[in-house]
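The block underneath contains the structure these notes are about, expressed in structure tokens.
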Amino acid sequence: MVDDSSSSDVEVSESERIINVTFCRDAKLNAITPAMFDALDAAVIQLEQRADLRVLVIRGRGRYFTAGIDILTVGATVDPGGDASRSGYDFRRRYRADARHDLFDRLEMVEKPVILAANGPCMGIGVEMAVSCDFRLASEAASFRLPEVAKLAMIPGSGGISRLTRLLGTHWAKWLVMTDALVDASAATDIGLVHAVYPSETFDRDVDEFARKLAALPAEALGLAKLAIDAASEVDRRTARDIDRLAQTMLIQSESLRP
């Protein structure tokens, strides 16, 4: 089944049990708008609900994966003449809504693999999105940066700090968040932010091949593996082992078991 839909800023397509969301706002370096978040959110819901979809791939087209969130479109403005505490509250409320915290939670929680494929620089909210995904693939042209503290006097506040710390530990999380460091694809692999780096010339084909391999795996086993691995980082060791055993019991009784 192939189903394609697109807008001027984002394209959604399906092929070989894979749903692709491609940011294509190259004139603005793929800065992410609410409409682009909405398209990704809708794709995640499709992935959750449809058995024929096995994998989600998030891509960028053009020079950047994304330059970050498009601040001009999020609607989070502060009234300079208003009460400072109230204005701050309104900003945080709007920012929480527009940054789609629940979307990143869904990327993390959906029991199917989610791949972020960084074709070029991945900045700000793009890094927060990346650490919400299961697999992070990069082209040789990719780089990663969290400029919120240095450039905006803010923090990566859409779950990025907690996820980054869980993934890389405090050592590298502080380096990325607090120093405005620009990390190239090779260094991102060295610190554990990226799983694999591919040549820019073959990047799309390499990502497609990786996604097809995942899509061919037993869906229930793959989903329960994701659930058990994620749970292991959140619960005590005894509970994690119990989750492993329960998941294995379910799979042994499953019709998809391979003798």
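Throughout, read-outs are computed from the coordinates displayed, never taken from laboratory work. Everything quoted here is computed from the prediction, not taken from an experiment. Here the Cβ positions follow ideal geometry from the backbone for every residue, glycine too, while neighbour counts run over all protein chains shown.
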Sorted by Cβ neighbour density within 10 Å, fewest at the top, the residues 162, 7, 132, 143: 162, 7, 143, 132
Relative contact order (percent, whole number), the chain, Cα cutoff 8 Å, 6+ residue spacing: 16 percent
Separation between Cα centres of region 6-62 and region 158-213, rounded to whole Å: 20 Å
Ratio of the Cα radius of gyration of the chain to 2.2 N^0.38 Å, where N counts its residues: 1.04
Cα-centre dipole for region 4-215 with unit charges at Cβ (Lys and Arg positive, Asp and Glu negative), debye to 20: 440 debye
Residues 133, 122, 24, sorted so that the one with the fewest Cβ neighbours within 10 Å comes first: 24, 133, 122
Computed label-point distance, nm, for sites residue 171 and residue 35 using a 7 Å Cα→Cβ extension: 4.5 nm
Cα-Cα P(r), region 117-259, percent of pairs per 5 Å interval: 2, 9, 16, 17, 15, 14, 12, 8, 4, 1, 0, 0
Rg(Cα) / (2.2 N^0.38 Å) computed for region 154-222, rounded to two decimals: 1.41
Crossing angle, helix 34-49 versus the chain [Cα axis fit, 0-90 degrees, rounded to tens]: 10 degrees
Spatially near lysine pairs across the chain, Cα under 27 Å, sequence gap of 8 or more or different chains: 6
Per-residue Cβ neighbour rank within 10 angstrom, fewest leading, 198, 64: 198, 64
